[in-house]
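Presented below is the structure to which this report refers.
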Amino acid sequence: MKVLVVGGAGYIGSHTVRALRDVGHDPIIFDNLVTGHAAAVQRLGVPFVEGDLNHPVDIYRALNEHRVEAVMHFAAFCYVGESVRNPSKYYQNNVVGTIQLLEAMRSCAVKLCVFSSTCATYGVPTAPMLNESHPQRPINPYGWTKLMVEQMLVDYDHAYGMKYAALRYFNASGSSADGLLGEDHTPETHLIPLCLLVAKGVRDNLSIFGTDYDTFDGTCIRDFIHVEDLAEAHVRALDHLSGKGESLAINIGTGTGHSVREVVRCTEEVTGLPVHVVESPRRDGDAPVLVADATMARDVLNWRPKYTELKPIVETAWKWFQQCGHYPKA
Ligand SMILES: NC(=O)c1ccc[n+]([C@@H]2O[C@H](COP(=O)([O-])OP(=O)(O)OC[C@H]3O[C@@H](n4cnc5c(N)ncnc54)[C@H](O)[C@@H]3O)[C@@H](O)[C@H]2O)c1
Ligand SMILES: O=c1ccn([C@@H]2O[C@H](COP(=O)(O)OP(=O)(O)O[C@H]3O[C@H](CO)[C@H](O)[C@H](O)[C@H]3O)[C@@H](O)[C@H]2O)c(=O)[nH]1
């Protein structure tokens, strides 16, 4: 299928472009490069439309010129903390931008959409593992923007027959096993890359945000899912929709949680280098524990993560950071 990958120059989008291409689809990247990388696009060697979701004419051009049959929508701002400080930026890009995209898809009769949602739509868990029927009560604006889009997708399906898969990712991590693609966010705020930057000596220390959570060691717990496993889930979600499967909202995680301190220790083990930490106050908008019940993804998409342990995930990230950890600037 001809698949427009909106946000395909970014971290998860670029790995998914590769996975789509590897199974014979024709991905086209649409991206404004606000946080994405021209060098990732170059490495992938697929058609690229430089455009912005907030400029509808760009989207119409991409959908029409490439005769797009399905859209994968990764484009968003995605820093929890920043969304608390500057919600306007998040509602504008993540919600208004998505309305523009869905409207263009509707006009061009593109009926399939795979969307990057998040476990941040659940808010504070009321059970140790989150399944898809857990109440969705976000605790930060970022999570609200994603929940609003999920609702739009439900309504567009009902009214216009646009089929969707909202993939609620847990914490994306790692890099491609061969080191071609990797995680390059500026500023970097994610735990694993920050630990690696401290190990490498690029940063002095890692602030642990909160050591008084009600968890076994007082630090937050997250479910780290390898970016290539996430990419594979997208391919399966597209196959599901194109095979006339019903729309769905589905968790993509491993089902195992690791605390912030465990990630620090694992980084030290993988790199053989110390990760100096500073115990700091809690960060606004953080839930104490986010771990997936990924039963539905297994049953409906026949998807299982290949990376089920933290160490190999950190090893792929370390490979990327040892090479350089950044794409060259265009
Ligand atoms: N990284 C995670 O752990 C995680 C977890 C859950 C959900 N998500 C979601 O997955 C998606 C991808 O995350 P990522 O880590 O790859 O982020 P990223 O910043 O690397 O990628 C986002 C891409 O979207 C592009 N983009 C943003 N706004 C755009 C616009 N208006 N028009 C065109 N392109 C635009 C950026 O240039 C970038 O290439 C996001 O929607 C994010 O909310 C990420
Ligand atoms: O310097 C740091 C950075 C992070 N953390 C902690 O490490 C955990 C993971 O934090 P990340 O910033 O790596 O990831 P988040 O869980 O905040 O966010 C990720 O998962 C979210 C879902 O909860 C969103 O989808 C978001 O896009 C994605 O980046 C959190 O407890 C955070 O407080 C630290 O202690 N110190």
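What ranking do GLU232, GLU103 get, fewest neighbouring Cβ atoms within 10 angstrom at the top?
Lowest count first: GLU103, GLU232.
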With θ set to phi - 60° and the Karplus curve 6.51 cos²θ - 1.76 cosθ + 1.60, what are the ³J(HN,Hα) couplings of segment 166-180 in order, to the nearest whole Hz, using x for Gly and Pro? 9, 8, 8, 6, 8, 8, 5, 7, x, 9, 4, 4, 8, x, 5
Label-point separation in nm, LYS244 to ASN86, each point 7 Å along Cα→Cβ: 4.8 nm
Estimate the FRET efficiency between ARG43 and THR126 by the formula 1/(1 + (r/R0)^6), using the beta-carbon distance for r and 41 Å for R0, to the nearest 0.05. 0.45
Whole-Hz ³J(HN,Hα) for each residue in segment 215-222, computed from phi via Karplus 6.51 cos²θ - 1.76 cosθ + 1.60 with θ = phi - 60°, x for glycine and proline: what do you get? 10, 4, 10, x, 10, 5, 10, 9
Gain on full stretching of the segment that runs from GLN323 to GLU103 - 0.36 nm per residue minus C-alpha separation: 75.0 nm
List the residues whose amide H sits under 5 Å from the amide H of ILE208, counting only those 5 or more places along or on another chain, with H placed 1.01 Å from N in the peptide plane. VAL278, GLU279, SER280
If you line up the Cα atoms of the chain on their principal axes, what length do they span on each, largest first, in Å? 53, 43, 38
Could you tell me which of ILE12, PHE224, SER280 has its Cα farthest along the dipole of the chain towards the positive end, charges placed at Cβ (Lys, Arg +1; Asp, Glu -1), taken about the Cα centre? ILE12
For segment 22-96, with only Lys/Arg (+1) and Asp/Glu (-1) charged at the beta-carbon, what is the dipole magnitude about the Cα centre, in debye rounded to 20? 240 debye
Run down the aspartates and glutamates and flag those whose C-alpha is under 19 Å from the C-alpha of LYS319, throwing out any fewer than 8 positions away in its chain. ASP178, GLU183, ASP184, GLU188, GLU228, ASP229, GLU268, GLU269, GLU309
Under 24 Å Cα-Cα from LYS89, which lysines qualify once same-chain neighbours fewer than 8 residues away are excluded? LYS146
Any chance you could run the full-extension gain for ALA177 through ASP212? It's 0.36 nm times the residue separation minus the Cα-Cα distance, nm to one decimal. 9.1 nm
Restricting to lysines and to Cα separations under 22 Å from LYS244, and discarding same-chain partners fewer than 8 apart, the set is LYS2, LYS111, LYS163
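Taken together, the values in this text are just the output of simple stated rules run on the coordinates, not laboratory data. Everything numeric in this text was worked out from a predicted model, so none of it was measured. Positions of Cβ are generated from backbone atoms using ideal geometry, with glycine treated the same way; all protein chains shown enter the neighbour counts.
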